[in-house]
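Have a look at the structure below, then the notes.
What follows is calculated from the coordinates using simple rules that are stated; it is not laboratory data. Here the structure is a predicted model, which is why all the values come from computation and not from measurement. We place every Cβ from the backbone using ideal geometry, glycine too, and count neighbours over all the protein chains shown.
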Amino acid sequence: MSTILLIEQILNGLQFGVMLFLMAAGLTLIFGVMGLINLAHGSLYMIGAFAAAAVAGWSGNFLLALIASLIAAAIFGVIVEMTVIRRLYKRDHLDQVLATFALILIFSEATRWTFGSFPLFLDIPAVLKGTVILPGGIEYSLYRLTIILIGLAVALGLYLLISKTRVGMRIRAGENDREMIGALGVDISVLYTMVFALGAALAGLSGALVGAIQSVEVGMGEPVLILAFVVIVIGGIGSIRGALAGAILVGLTDTLGRTLLPVLFSSFMDGSAATTVGSALASMLIYILMAGVLIFKPTGLFGSA
Amino acid sequence: MIREGTLNIVILCLLVAVPAYAYVMNEPFTITLATRAVIFALAGVGLNLALGQGGLVSFGHAAYFGMGGYAMGILASHAQNYDPIFDGAFLIEGTNSMPVIWVVAVVSSALLALLIGALSLRTSGVYFIMVTLAFGQMFYYFAISWPAYGGEDGLSIYVRNQFPGLNTLDPIQFFGICFAILCLVLLFVDRLNKSPFGLALNGAHQNEERARTVGINVYKLRLVAFVISGAITGLAGALFADLNRFVSPTMFSWAISGEIMIFIILGGVARLFGPVVGAAVYILLEHFLGGLSDYWFIYLGAILLGMVLFAKGGIIGKLAKKETHHGG
């Protein structure tokens with residue numbers, strides 16, 4: 001395996017990781033502040049992708065499509081929070097799981113009803129097509145590189161928002177003591193709606209960005225949702241830093257595992273068997289990683305007990 | 001309002017009456033629907049032991065359902081191709097005998113539940129939900145990427161497996177087998193719930209600290225419950241595979257885990273017959289709403305949402321007097 005190919009795969013892993021981070025950050029924020037497990041987060045990812053595909057198809061402008069994904073996901077987030085999610089904060093986790101599972105059914109079928117069962121396609125904008133030459137002579141897809149940069153920029157923005165602004169201060173206060181911040185005169189229900197909308201917008205953006213590399217279809221959100229759960233379990237629940245570390249770890253492990261394991265197995269097995277065993281094991285690798293973290297640190301890498 | 005015990009007998013009678021009527025009227029499709037309901041009920045009874053009695057919200061029970069299904073698929077496909085599973089120092093052959101398949105399905109899904117449970121029970125609350133969901137998904141991807149047993153396409157079994165003395169291809173006889181198993185398992189779970197083990201499990205659900213204080217090893221207790229729960233769901237998986245004569249990775253998918261959970265919530269959490277009612281109602285909804293609209297999941301979602309938000313206790317909770325309590 002050449003170094004160039006390896007570096008390319010590392011970049012792919014990083015790109016996968018930052019997209020997972022956008023999902024995991026919203027989930028972990030919503031859990032940290034409101035104590036809610038939201039299975040419908042994958043639906044918001046799907047809504048973002050569909051909104052982007054629809055607007056791109058109509059206007060041909062990718063930037064407009066991205067903005068549409070943010071707005072659509074945030075609006076649906078606000079509607080869902082105010083009608084359903086709000087009633088669940090005080091319920092136990094089982095109720096939260098079932099209600100948000102019901103939301104997945106509703107959103108998925110409603111999307112199928114509106115857009116049909118066939119996948120939509122979102123084109124990479126012309127400016128971002130093609131490849132760039134990175135230092136060291138590595139050729140890499142410009143669009144994927146842009147995704148990495150957007151993801152890192154969002155991570156930085158989220159860090160600044162939470163640690164430097166007044167809203168961020170309230171979010172942190174909400175994580176520490178929900179009742180106290182209410183008693184101090186902060187309108188807690190507005191704060192909750194805002195946090196939910198923020199998480200939803202991040203999921204929508206992630207769906208739109210990934211939608212341009214994969215196809216936009218019903219059910220695209222749930223596999224990503226489950227991976228985001230793995231990220232959160234590894235990183236520690238409620239921790240944005242943990243979500244970033246976990247997401248990059250999962251992204252790299254998955255991508256590199258799929259490339260390297262078949263090669264590794266072929267050093268002592270014959271070709272086709274090595275590919276079979278290697279790729280089957282690679283599909284399980286991140287869950288094995290999760291199991292490892294659970295054995296040594298059940299609360300996750302950055303979680304507190 | 002009637003007593004829950006009386007209600008349970010009514011439910012069992014209905015569950016026999018529908019296929020019996022269909023048999024008389026010569027409607028094999030209805031018998032197959034009833035068989036599906038019975039098998040789903042069995043899977044739900046398994047999950048209900050962990051979720052209802054133990055308070056362990058497992059979102060990964062599709063792993064055991066699929067394990068049971070593949071136990072049947074692998075054994076039967078080797079038998080149908082006359083191809084031994086293992087031919088070395090000793091010989092392991094496939095089989096088309098249902099009782100043998102059931103034993104293998106129960107043992108293999110119990111072992112899987114032991115492994116997943118031992119890891120997942122190190123966490124609790126929302127972590128537990130996410131971890132079980134993730135492990136379930138792991139087997140889904142494994143089943144897709146492992147080509148030996150059909151990979152993504154799954155495995156077809158051409159002839160239903162055999163049960164001594166019965167013609168399993170006759171819908172009413174296969175229904176009888178599934179129904180008998182469901183009754184035996186319900187009897188077993190009822191005894192289990194009333195045993196010191198079941199009481200301790202429920203006690204640890206309601207107040208973990210108190211259970212610890214009186215000297216109960218909560219982790220071990222829950223692990224045993226989780227293993228039994230997985231084994232029952234695995235048995236249901238083997239029957240489901242036999243009903244369809246087909247297994248595919250879909251049996252491992254997270255949506256199946258969600259559906260098994262829906263049976264419980266529709267019927268009533270921690271009620272012995274909750275999953276039975278829930279599964280029957282689910283099949284009815286699927287049949288009638290599915291006939292009305294291709295998008296019946298919207299209605300199912302709305303009903304489920306309404307149940308969770310406004311009707312705690314499920315259908316049995318609405319119909320029966322308050323005599324069993326479950327921890328909240």
| message | Sort A:157-164, B:127-134 by packing, meaning the average of other beta carbons within 10 Å per residue, with the highest value first. | response | B:127-134, A:157-164
| request: Quick one, can you get me the convex hull of the C-alpha atoms of segment A:9-218 expressed as volume per residue in Å³? | output: 131 Å³
| query | Relative contact order for segment B:143-264: what is it in percent, counting Cα pairs under 8 Å that are at least 6 residues apart? | reply | 38 percent
| query | What is the Cα convex hull volume of segment B:53-92 when expressed per residue in Å³? | reply | 97 Å³
| note | Descending packing, highest mean Cβ count within 10 Å first, for A:24-34, B:306-316, B:243-253 is A:24-34, B:243-253, B:306-316
| said: Taking beta carbons within 10 Å but only from partner chains, what does the mean come to for residues B:246-259? | reply: 2
| message | Going by amide H atoms built from the backbone, whose H comes under 5 Å of the H on B:Gly55, apart from near neighbours? | response | none
| query | For B:261-272, what's the mean count of beta carbons from other chains sitting within 10 Å of each residue's beta carbon? | reply | 2
| task | With +1 on each Lys and Arg Cβ and -1 on each Asp and Glu Cβ, and nothing else charged, work out how big the dipole of chain B is about its Cα centre, in Debye to the nearest 20. | result | 1260 debye
| note | Residues of segment B:293-308 with backbone N under 12 Å of the label point set 7 Å from the Cα of A:Arg87 along Cα→Cβ are B:302-308
| request: For B:Ser97, list long-range residues whose amide hydrogen, built 1.01 Å from N in the peptide plane, is under 5 Å from its own amide hydrogen. | output: B:Gln162
| query | chain B: percent of C-alpha pairs farther apart than 35 Å? | reply | 19 percent
| message | Amide H of A:Leu301 versus every other amide H placed in the peptide plane: which residues, excluding those fewer than 5 positions away on the same chain, fall under 5 Å? | response | A:Gly235, A:Gly236
| Semi-axes of the equivalent ellipsoid of segment B:172-274: what are they in whole Å, largest first, if each equals the square root of 5 times a C-alpha gyration tensor eigenvalue? | 30, 16, 13
| query | Of B:Lys194/B:Lys318; B:Lys194/B:Lys312; A:Lys297/B:Lys220; A:Lys90/B:Lys318; A:Lys129/A:Lys164, which sit over 28 Å apart, Cα to Cα? | reply | A:Lys129/A:Lys164
| Binned Cα-Cα distances of the protein assembly as shown, short to long, each 10 Å bin given as a whole percent | 3, 15, 25, 26, 18, 9, 2, 0
| said: Apply the Karplus curve 6.51 cos²θ - 1.76 cosθ + 1.60, θ = phi - 60°, to the phi angles in segment B:4-15 and return the couplings in whole Hz, x for Gly and Pro. | reply: 5, x, 5, 4, 4, 5, 4, 4, 4, 4, 4, 5
| For segment A:233-239, Karplus couplings with θ = phi - 60° (6.51, -1.76, 1.60), whole Hz, Gly/Pro x | 4, 5, x, x, 6, x, 10
| query | Which values of log₁₀ I(q)/I(0), to two decimal places, follow from the Debye formula for segment B:240-328 at q = 0.13, 0.15, 0.25 Å⁻¹ with a uniform point scatterer at every Cα? | reply | -0.49, -0.64, -1.30
| said: Could you work out [θ]222 nm for chain A from helices alone, using -39500 (n - 2.57) per DSSP H run of at least four and dividing by all its residues? Round to the nearest 500 deg cm²/dmol. | reply: -26000 deg cm²/dmol
| query | When you count, for each residue, the other Cβ atoms within 10 Å and take the mean per peptide, how do B:10-23, A:266-279 rank with the highest first? | reply | B:10-23, A:266-279
| request: Quick one: dipole size for the protein assembly as shown, taken about the Cα centre, charges +1 on Lys/Arg Cβ and -1 on Asp/Glu Cβ, in debye to the nearest 20. | output: 1780 debye
| query | Quick one: what does P(r) look like for segment A:120-186 with 10 Å bins over all Cα pairs, in whole %? | reply | 17, 27, 20, 18, 14, 4
| query | Short version: ³J(HN,Hα) in whole Hz for each residue of segment A:113-119, in order, from phi by Karplus 6.51 cos²θ - 1.76 cosθ + 1.60 (θ = phi - 60°), x for Gly and Pro, what are they? | reply | 5, 6, 9, x, 8, 7, x
| field | Residue mean of other protein chain beta carbons inside 10 Å, A:88-95 | value | 5
| Ellipticity estimate at 222 nm from DSSP helix runs (n ≥ 4, -39,500 (n - 2.57)) divided over chain B, nearest 500 | -23500 deg cm²/dmol
